[in-house]
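The structure under discussion appears below in the form of structure tokens.
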Amino acid sequence: MEIILKQDVQNLGYADDLVKVKDGYARNYLIPQGLAELATPAKKKMLAETLKQRAFKAEKIRKEAEFMAGKIEGLEVTIPTKASEKGTIFGSVTSIAVANALKEQHDIDIDRRKIVMHEDHIKELGDYTALVNLHKDFNKVSLKLHVVAETEE
């Protein structure tokens, strides 16, 4: 019997997979538990259309991420922060500060969770590198950070 899985089933398949199983397994376990539904011709067409739309959306997201990667590659961001005379920062510079500086200086809006720094947060003035993970299909983009002391006016 052919069924369409509604959820991931261990050792059988993932959600929206079309699989063949024995009649009893489908009728007595998978369908009553809500894990699968019978694969009628109409439901197969609906599944094909759903998968096609999902692929289209995924491709659009990938292209947008590729465009953003081109804009970000090689950019330098200056992050002014309060610091002591020895170069130690009062507080720290986190991915939130990097995202805000990127928005202010280059008008690029990136989710802070996509910015990865080698250190969790920066505690001293200097030059650093952050990686921006825009999409799972291609490498992370590097972003140069210049952490400088704020000038008082």
- Message: Under 21 Å between alpha carbons, and skipping anything fewer than 8 positions from residue 44 in its own chain: which lysines qualify?
- Response: 6, 20, 22, 52, 57
- Note on the structure: With +1 on the Cβ of every Lys and Arg and -1 on the Cβ of every Asp and Glu, the dipole magnitude of the range 2-62 about its Cα centre, in debye rounded to the nearest 20, is 240 debye
- Convex hull around the C-alpha positions of the range 1-108: the volume in Å³ per residue is 182 Å³
- Message: Relative contact order of the chain, please, whole-number percent, based on alpha carbon pairs below 8 angstrom and at least 6 residues apart.
- Response: 19 percent
- Query: Quick one: what Rg and Dmax do you get for the range 69-149 from the alpha carbons, in Å?
  - Reply: 12.4, 44
- Cα-based count: Lys pairs in the range 69-149 below 17 Å, eight or more positions apart or different chains? 12
- Item | Nonlocal amide H pairs with residue 145, under 5 Å, H built at 1.01 Å | 77, 128, 129, 130
- Item | Farthest positive-ward along the range 69-149 dipole, Cα basis, beta-carbon charges - from 84, 139, 149 | 139
- Note on the structure: Per the rule of 0.36 nm per residue minus the C-alpha distance, extending residue 92 to residue 127 adds in nm 11.2 nm
- Message: Let me spell out the model: positive unit charges on the Cβ of Lys and Arg, negative unit charges on the Cβ of Asp and Glu, origin at the Cα centre of the chain. What dipole size does that give, in debye rounded to 20?
- Response: 1100 debye
- Query: What value, in deg cm²/dmol to 500, does the helix sum -39500 (n - 2.57) over DSSP H runs of n ≥ 4 give at 222 nm once divided by the residues of the chain?
  - Reply: -10000 deg cm²/dmol
- Length gained when the stretch residue 40-residue 104 is fully extended (0.36 nm per residue, less Cα-Cα span): 17.7 nm
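Just so you know, all these numbers are worked out from the coordinates, no wet-lab data involved. Bear in mind the structure is a predicted one, so any value in this text is a computation, not a measurement. In this analysis, Cβ positions are derived from the backbone assuming ideal geometry, glycine residues included, and neighbour counts consider all displayed protein chains.
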